[in-house]
Structure formats: structure tokens, C-alpha cells
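For reference, the structure discussed in these notes is given below.
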Amino acid sequence: MQKMTSKQFLEELTSLQSKKELDNVQRFFRDEGKESKFLGVRMADIFALAKKYMHLPLPDIEKLLKSKYYEARMGAVSIMDYQARDKKTSTERKKELYDLYMSRHDCIDNWDMVDRSAPYVVGGYLADKPRKVLYKLAKSKNVWERRTAIVATYYFIRQDDVTDTFKIAEILIHDEHDLIQKAVGSWIREAGKRDKLKLIAFLDRFAPSMPRTTLRYAVEKLDAKTKEHYLKLK
């Protein structure tokens, strides 16, 4: 099998660019404090290419992660996600993926990059380990690190383990950034599907003071009467 490289990935990625897609891609990039360049590649095409290159060596993944192009960085985290999900991936490699994510979080600089990789690369790795790092991230000044803290818990939710989701949500409950508010609301909603009583207890405590955006996302799947009750508390 011919060895795949980051250079080959970038060449194929560039061949997929579309002027029409360029505007669409730029609309979804939200790290206002950082300049980034865009190729204009459909997300579905990035994911398909990442799957093709899912066995890319770690040094090459890091090269993509450090790229000035948003699509290359998205490709990198997608490859990391595919490797982390793969049952054939060794425990050692999963640690390497986790370490790369954490050490180069400065390159994971948009909400969709976090959502694409944090659940399995971070959450999956921490599933049977101490999770103090997530609480540290939840208090970070960096919005994407804070988003990682809550998004990574999705892996735990899938295992019917919702404790950390609600605890981290409590830390982030008054966050002023809309992308944290949406994430917190979405994740406690998902946790509530596994444990409705904990969601109700959380809402009883925080509904009057949490941002309305968070509340709307949190109550989205509750019955109409219960939803109306909590929305009226604002």
C-alpha cells in the first residue's frame, strides 16, 4: 500500500474547490479573532476525502491541522475522528490523537471542528479515565476550549453517563457566547433524553437565570406543557 501524505491530501482537497462553495464555507467560520483562508470545498467532500485518508500518519495529520486553510484543518480533525472511532485503533494511538487535540487546540478554531472530533477523540479517550481536564477547559478564556468541555461529554451521554454533562453545564450556564449557550442547551437536552429527572432538576434550578438561547435548546424535546412552563420563567 502506498504511503499517504498530507501533501497528497492537500492536492486532492484543492482539486475539489468550488467558487460557489466559497461563500458557504466562510459563513460558518466563527473565530472572529483569527484570520483564516478558505478553498471552498463542500463539507461532504471533506469528510469523504478524510475517510479515504483515515490511516494518515500522526505527523501528517498535525501538518494538516496547522494549515492556513480551514478545510485542511477540518480534514485533519475528521481523520482524527475516524481513527478514534475505529475499533482497530490501538489504545496507544487513541492517546496520541487525544494528546494532539489537546496540544494543538489553537488549530481547532471553529465550532464545527470541535463538534466533529471532541466526542470520540476527547470524550472517547477519557471515558475510563479521570475527567478533570474537561472542568479546566470549561473555565478557559478560549471559547473553543470551553465548547470542547461540554461537547466531549456526548460520548459519555451515549453510555448513559450524564453526570459530567450537567456538572460542566453548570460551570458554563451563564456563558455570554452564543455558541456556548447553544452547546450547553443542546447537550443537557440530549442528557435529558437519558435521564429526564436530572434535566428537570437542572431546569428547576437554572431556568430563571440561564440565557434564553440555552433554555430554548434545552426544552426543545419536552412536552408542550412542560416547555411552556420553563419558558415562562424567563
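What follows draws every value from the coordinates through simple rules; no lab data is involved. Computed from a predicted model, the values in this text were never measured in an experiment. Backbone-built Cβ (ideal geometry, glycine too); neighbour counts: all protein chains shown.
Neighbour counts of other Cβ atoms within 10 Å put Lys19, Lys136 in the fewest-to-most order Lys19, Lys136.
Between Leu231 and Met43, the FRET efficiency from the beta-carbon distance, with R0 = 41 Å, is close to 0.80. One decimal place: the segment Glu170-Lys20 gains 49.9 nm when fully extended, by the rule 0.36 nm per residue minus the C-alpha distance.
For the cross-link pairs Lys19/Lys182; Lys198/Lys234; Lys129/Lys198; Lys167/Lys232; Lys19/Lys52, the ones whose C-alpha atoms lie over 26 Å apart are Lys19/Lys182. Here region 33-65 is scanned for amide nitrogen atoms under 17 Å from the site 7 Å beyond the Cα of Lys7 along Cα-to-Cβ, giving 56-65.
Neighbour counting of Cβ atoms within 10 Å sorts the residues Leu134, Leu58, Leu179, fewest neighbours leading, into Leu58, Leu179, Leu134. For Rg and Dmax of the Cα atoms in Å, the value computed from the atomic coordinates appears in the list [x] 18.3, 54; [y] 16.8, 52; [z] 18.6, 61 under label [z].
Considering all C-alpha pairs of region 158-234, those separated by over 21 Å amount to 15%. Of all the options Val114, Val133, Val162, the one that moves most in a Gaussian network model of the chain with Cα springs shorter than 10 angstrom is Val133.
Here Ser67, Ser103 are placed in order of increasing Cβ neighbour count within 10 Å, fewest first, which gives Ser103, Ser67. Here the spin labels are modelled as points 7 Å beyond Cα on the Cα-Cβ line, and at Val133 and Gln159 they lie 1.5 nm apart. Proximity of backbone amide H atoms, modeled 1.01 Å from N, is registered between Val41 and Ser18 at under 5 Å, excluding neighbours fewer than 5 places apart on the same chain.
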